[in-house]
Amino acid sequence: MLELLLALPFVLALVVGLSANASRRTYAWLAGLAPLLGLAVLVLLAGDVFDGTILKTQYAWIPEAGLDFSLRMDGLAWTFALMVLGIGGLVVLYAHYYLSAQDSPRRFFTYLLLFMGAMLGMVIAGNLLLLVVFWELTSISSFLLIGFWSYRQDARQGARMALTITGLGGLALLGGVLLIGRIVGSYDLDAVLASGDLIRASHLYPWALGLVLLGVFTKSAQFPFHFWLPHAMAAPTPVSAYLHSATMVKAGVFLLARLHPALAGTDLFFYVVSGIGATTLLIGAWFAIFQHDIKGLLAYSTISHLGLITLLFGLSTDMAVVAGLFHILNHATFKASLFMAAGIIDHECDTRDMRRLGNLRRYMPMTSALAIIASLAMAGIPLLNGFLSKEMFFAEALEIGNHATMRIVISIAALLAGIFGIAYSLRFVHDTFFGNGPRALDVVPHEPPRWMRIPVGVLAIMCVIVGIVPALTVGPILHTMARGTLGAATPQFSLAVWHGFNLPLMMSFASLVLGVALYSGLRRLLDFHGVVTRSFGRNAFHFNVEALFALARRFTARVANGSLQRSLFLMILIALVLAGVPMFGTTMSLLVGLGTPQPMSMIGWTLWGLLVAATIGTVVVHGKRLTALIVIGAAGLAVSLIFVYLSAPDLALTQLLVEMVTIALMMMALNYLPKQSKVMRRPLRKLRDIGISVVTGGGLAVLAYAMMMSPADTISSELLVRSLPEAYGRNVVNVILVDFRGFDTFGEITVFGIAALVVHALLARARLKPDEVMPGPPVHLPIAADLTQLLFPLALTVSIYLFLRGHNAPGGGFIAGLVFAVPVLVKYVLQGARAVEATFGFDYLRGIAVGLLLAVVGGVGSWWFGLPFMTSGHLDLELPVVGLLPLASALVFDTGVYVVVFAGTLLMLSTMGTVKHRQAAEAAA
């Protein structure tokens, strides 16, 4: 069930993304299915969760690194999933009416579902490393949502700022998680939560705590990282209602709750978390009073409420944690409804500027009533849900023990926050729905469509119901949520509207009176409409970004000035330093005391001499490009023969085919270069290059010699033993590529595909026009052309043969892909690009994508059987003509390798083959 819950948003995101030319209603229905079906799954799981059962599902992924695909649901995860899906469903309904005809509903709902899936994955992750993966996915998907209106500069800047701040925080979180895993010895969430004493006693605890808190503070917009949140308001209002009330900004405080048993309970945690929370609480509340944009006011109030929640978790007492969890629920409810109301106002009035609004209660009575209810809940007025959690906050601030000074400071901060909260809520209500106005609007305000108002009404009614009968409505959910956070330490508590006359009630009354007085006094003393606020954090961020760009431009101008020789020189020099310095001592120690090398036969010496001669010949004739290319091809052939001599047929085949492909590609590239390279007339530079070449080549030779002379009893013997029984393959080389080191191979084919895309992108602007002809062979060769036609079925047969036998004999996807690419290369060289495109049309870009997807499917498929990522299975097929055909599940992954290699090679070839020959065109002109 947990797998289904997680898969729903991603599957429907794929469905929405692949659905073309559908109506907005269809996209909305498809997107709405994810939260609706997800809520149904949560209802089915509610019985076990409310009984205290922790539901778990675990699949081995990379067990050696402690990374398992583990899903875990307790009361905390269930409640957050309820918020993600419940408010997500309302946002989908709201967005259907909010988006304009110019907005792409397919793109919007795809991004929204991706974000929904990332949030669900984060809250139900049972492994800390997996949690970090989904954490970063929320940053990426939120970047797409915040920058949805990419034509607007403020949207692009807001998205970039949010991604930068939260992305850097994600890197810090990863470091903290790695330290926690090192302390505990596991990344499993149950093991971490049970090891709180061990973590707090470790000397790494301050570092782990600091890194985790950096991730929390950046994600939940805590001081001094709070400045990104107001600028993210450039996103469409449905995005703000979702990300900045119930999901993204709640990710940080969720992590505080999730790791509370493991990290809380020290003075360091108390002072840092409660201090940052109190600072954020006051800064956000004060600046909210002076905002003119409704969404700006709501953004700063969100910062303030997030600071309140962080402060409560920092207090570390059990009831403070319960109060923090309660306020997470309350804030998500009234803030989502307020953002949606702000979107309705903007949608119907074409502005959110309160200086131009006012008296909207006469034009939009229903929307005004709902927004006023939600804003009063935000202010903490009695009989609304915000009042209950605010009063619990006051009570916990007054009961801080063992920290008398902090008790006074936090109590004063709580009272000031209550006063400021009343003031900015009153500012929003008065300047938007009362007073004089509206002013200079281009449209006449009116109520929105009924179904656009429904989500606001649902959330506003929840604020009232929870505020009146909390024990019957939110009480069981809050108790389950607290038990999922605190476990056995969950305190007994009761939710009630009336607790008698006490000091927290007096603080609530005082904040109400003083908040009204503060707003009234500020209106008399200040011209609210003339106040201009500036964000120091935003200015500092942009200053640093511009300084970084300027530094990058200067560095690029000095280093990457268009000279290929300089780039190669720097690359080789840096690689030489980085690789040579740390390995110098190790290599020298390997060379000391080595035994006598084995004798080499005459064939071996002949091949070695051929390789040396070809290498020296390349250096001598490098000025003549074509001659040098032929000689360097001889060097590659010598390497292939050496692999044959050393009984490495897979490597020999791969080397030979790579030589064939690269030589053909380089011959085509020579078509656009002068026939002879320039002669270097700087002797000092020549001596420098000779020195670097000698040191680099000599160092590699010494390292290779040391490795060959080292003891033969290495990991290779273990691979030989395990290849057939565990991976069902006799060809150890291929087994290593597709099983033992399959993840590395996936990275390599990804890099190969990216390289092909880079070549395509660099040369795409120089493509031939339809009326131009690619320079081809000087004369027409019909016999050679016919031979190329015959090569295709022959090459395809050999390719399939090598592909199918690759798991047990020399071959495999990489070799087979290159074999099939060779006849296409020959046809390109002999007949030109047009002939190949006419007879062999293929979308190489999609081919690379399909190949990578096949590789992923081949690796993930083992999860369905409870096995680690890319674990092989085996099947023997008895075919009528072929006979016994042994198949391994790695064949699917190898198919992905095959497709990527073939499509990537031909993409580079086709792009290079259709580049406009500028020199020839200029000469003809």
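The values are calculated or read from the model by the stated rules, or taken from the named source; none is laboratory data. Source: prediction; values computed, not measured. Cβ coordinates were reconstructed from backbone atoms using ideal geometry, including for glycine residues, and neighbour counts include every protein chain displayed.
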Residue 370 being in contact with a Cys (Cβ under 7 Å, 6 or more places away or on another chain) and either buried (at least 17 other Cβ atoms within 10 Å of the Cβ) or touching a residue at least 60 places away in the same chain (Cβ under 8 Å) (or both): no
Residue within region 386-400 that is in a loop (DSSP other than H, G, I, E, B), more than 17 Å from residue 346 (Cα to Cα) and either more than 37 Å from the chain's Cα centre (by Cα) or outside the structural domain of residue 322 (by TED's automatic domain parsing) (or both) present: yes
Condition check for residue 239: of a type in the set (Val, Ile, Thr), in contact with a Leu (Cβ under 9 Å, 6 or more places away or on another chain) and surrounded by 24 or more Cβ atoms within 10 Å (Cβ to Cβ): yes
Residue list for region 138-159, restricted to those being surrounded by 18 or more Cβ atoms within 10 Å (Cβ to Cβ) and in a helix (DSSP H, G or I): 138, 139, 141, 142, 143, 144, 145, 146, 155, 157, 158, 159
Check on residue 14, within 30 Å of residue 871 (Cβ to Cβ) and without any contact (Cβ under 8 Å) to a residue 12 or more places away in the chain: yes
Condition check for residue 356: touching a Leu at 6+ places or on another chain (Cβ under 7 Å), basic (Lys, Arg) and at negative phi: yes
Subset tally (residues that are at pLDDT below 75 and of a type in the set (A, V, I, L, M)) for region 836-869: 3
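Residues in region 216-247 that are part of a loop (DSSP other than H, G, I, E, B) and hydroxyl-bearing (Ser, Thr, Tyr): how many?
Summing the residues that are part of a loop (DSSP other than H, G, I, E, B) and hydroxyl-bearing (Ser, Thr, Tyr) in region 216-247 gives 3.
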Qualifying residue in region 311-320 (condition: among the hydroxyl-bearing types (Ser, Thr, Tyr), assigned to a helix (DSSP H, G or I) and modelled with pLDDT under 95): no
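So is residue 401 of a type outside the set (Val, Ile, Thr), surrounded by fewer than 19 Cβ atoms within 10 Å (Cβ to Cβ) and touching a Ser or Thr at 6+ places or on another chain (Cβ under 9 Å) or not?
Here the answer is yes, as residue 401 does meet what is asked.
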Which listed residue is within 31 Å of the chain's Cα centre (by Cα), assigned by TED's automatic domain parsing to the domain that holds residue 399 and surrounded by fewer than 24 Cβ atoms within 10 Å (Cβ to Cβ), from 310, 302, 279, 317: 279
Identity of the residue in region 717-753, of a type in the set (S, T, N, Q) and assigned to a helix (DSSP H, G or I), that ends up farthest from residue 908 (Cα to Cα): 717
Close pairs from region 62-78: first acidic (Asp, Glu), partner part of a strand (DSSP E or B), Cβ under 9 Å, at least 6 apart: 68/58; 68/59; 68/60; 68/61; 68/62; 68/127; 68/188; 74/55
Residue pairs meeting the criteria (Cβ under 6 Å; at least 6 apart or on separate chains; first in contact (Cβ under 8 Å) with a residue 24 or more places away in the chain, in region 480-498; second among the small types (Gly, Ala, Ser)): 480/75; 481/75; 483/75; 484/75; 485/257; 490/482; 495/471; 495/475
Helices (runs of 4 or more DSSP H) enclosed by region 415-503 - at least 1 residues per element that are surrounded by fewer than 15 Cβ atoms within 10 Å (Cβ to Cβ) and either of a type in the set (A, V, I, L, M) or in contact with a Gly (Cβ under 7 Å, 6 or more places away or on another chain) (or both): 450-468, 470-473
Tally, over region 92-118, of residues that are free of Cβ contacts under 8 Å to residues at least 12 places away in the same chain, under 15 Å from residue 26 (Cα atoms) and hydroxyl-bearing (Ser, Thr, Tyr): 1
Tally, over region 526-569, of residues that are assigned to a helix (DSSP H, G or I) and surrounded by 11 or more Cβ atoms within 10 Å (Cβ to Cβ): 15
Residue list for region 865-881, filter: closer than 19 Å to residue 3 by Cα and touching a strand residue (DSSP E or B) at 6+ places or on another chain (Cβ under 8 Å): 866, 867, 868, 869
Residues (polar (S, T, N, Q) and within 28 Å of the chain's Cα centre (by Cα)) located in region 320-356: 333
Hits in region 608-625 (condition: in a helix (DSSP H, G or I) and either free of Cβ contacts under 8 Å to residues at least 12 places away in the same chain or over 26 Å from residue 643 (Cα atoms) (or both)): 609, 612, 613, 616, 619, 620, 625
Residue list for region 637-657, filter: of a type outside the set (A, V, I, L, M, F, W, C) and either in the same structural domain as residue 809 (by TED's automatic domain parsing) or under 20 Å from residue 795 (Cβ atoms) (or both): 640, 649, 650, 654, 655
Within region 591-612, considering residues that are farther than 21 Å from residue 697 by Cα and small (Gly, Ala, Ser), the one modelled with the lowest pLDDT: 593
Criterion violated by residue 519 - all others in (1) aromatic (Phe, Trp, Tyr); (2) more than 30 Å from residue 356 (Cα to Cα); (3) more than 40 Å from the chain's Cα centre (by Cα) satisfied: (2)
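Out of region 320-367, which residues are among the polar types (S, T, N, Q) and crowded, with 22+ Cβ neighbours inside 10 Å?
Result: 330, 333, 337, 367.
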Evaluation of residue 87 against (1) surrounded by fewer than 24 Cβ atoms within 10 Å (Cβ to Cβ); (2) closer than 30 Å to residue 348 by Cβ (one fails), failing number: (1)
Matching entry among 79, 57 (being hydroxyl-bearing (Ser, Thr, Tyr), outside the structural domain of residue 330 (by TED's automatic domain parsing) and assigned to a helix (DSSP H, G or I)): 79
